[in-house]
1. Could you please give the count of residues in region 103-113 that are assigned to a strand (DSSP E or B) and surrounded by fewer than 19 Cβ atoms within 10 Å (Cβ to Cβ)?
2. Out of everything in region 9-22 that is assigned to a loop (DSSP other than H, G, I, E, B) and hydroxyl-bearing (Ser, Thr, Tyr), what residue ends up being modelled with the lowest pLDDT?
3. From Ser100, Ser82, grab the single residue that is closer than 14 Å to Pro26 by Cα, part of a loop (DSSP other than H, G, I, E, B) and either of a type in the set (Gly, Ala, Ser) or modelled with pLDDT of 75 or more (or both).
4. Which condition does Gly74 not pass, out of (1) modelled with pLDDT under 90; (2) surrounded by fewer than 19 Cβ atoms within 10 Å (Cβ to Cβ), if it passes all the others?
5. Taking the condition within 19 Å of the chain's Cα centre (by Cα), part of a loop (DSSP other than H, G, I, E, B), of a type in the set (Ser, Thr, Tyr) and modelled with pLDDT under 85, does Ser95 pass?
6. Restricting the first residue to region 87-98 and requiring it to be among the small types (Gly, Ala, Ser), which pairs with a second residue that is surrounded by 11 or more Cβ atoms within 10 Å (Cβ to Cβ) meet a Cβ separation below 8 Å and a spacing of at least six or different chains?
7. Please determine, by comparing only the residues of region 115-136 that are in contact with a strand residue (DSSP E or B) (Cβ under 8 Å, 6 or more places away or on another chain), within 22 Å of Lys66 (Cβ to Cβ) and of a type in the set (Ser, Thr, Tyr), which one is modelled with the lowest pLDDT.
8. Identify, please: which residue in region 23-49 is in a loop (DSSP other than H, G, I, E, B) and surrounded by 14 or more Cβ atoms within 10 Å (Cβ to Cβ) and is, among those, modelled with the lowest pLDDT?
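The values are calculated or read from the model by the stated rules, or taken from the named source; none is laboratory data. A quick note: this is a predicted structure, and the numbers were derived from the prediction, not measured. Neighbour counts run over all protein chains shown; Cβ positions are idealised from the backbone, glycine included.
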Amino acid sequence: MRYLAAFMLAAERTMMQYAYKRYDQPVYRGTKCSNLENYNLWSVGFWPAFSSTSKNFSVAENFMVKSEPGATSGVIFEVYLSLSSTGQTTNIEVSETWASVKKEQEVLLLPFFTFIVARREVIQKPTYGLSYHKITLVEIPNQKLLQQRPETRKLIWADLNMRSPENAFHK
């Protein structure tokens, strides 16, 4: 963990130039996800590892279907990223020159990406013979869960009116 914290500290200085900056456009992650109880509406959570997402919904849908052949359900996370007030980023938009599969349009979320669950719905997909959960996550920026601190006194605030005109960037 200490090495990851050192990497993140060094990377913060240059990563903003590689960040995905389309805050009005979500990224997607498709998976089989067996722990749906961790994604209750308005719950706060985090992903402790690097997480691959795509700007393309159908790429996530394909990953969901391929994650467990023959499965009858899956999960697609629709993730809205936020602009940090400190100018730091929690993601890297993988350029086509770096990507091993260019069509994936990958956006890599950094470890300890923190979010609030804003919506859950079940979608029927007869073409694949399955139904899946679509879970909308909104990033809670500036959490810095890797940073060591003697005590934490932060208030996490989530705007229940995230789709209001004054919060239009979360369309």
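1. 1
2. My answer is Thr14.
3. Criteria check complete, one pass: Ser82.
4. (2)
5. Yes; evaluated as a whole, the condition is true for this residue.
6. Gly87/Met16; Ser95/Tyr18
7. Ser131
8. Cys33
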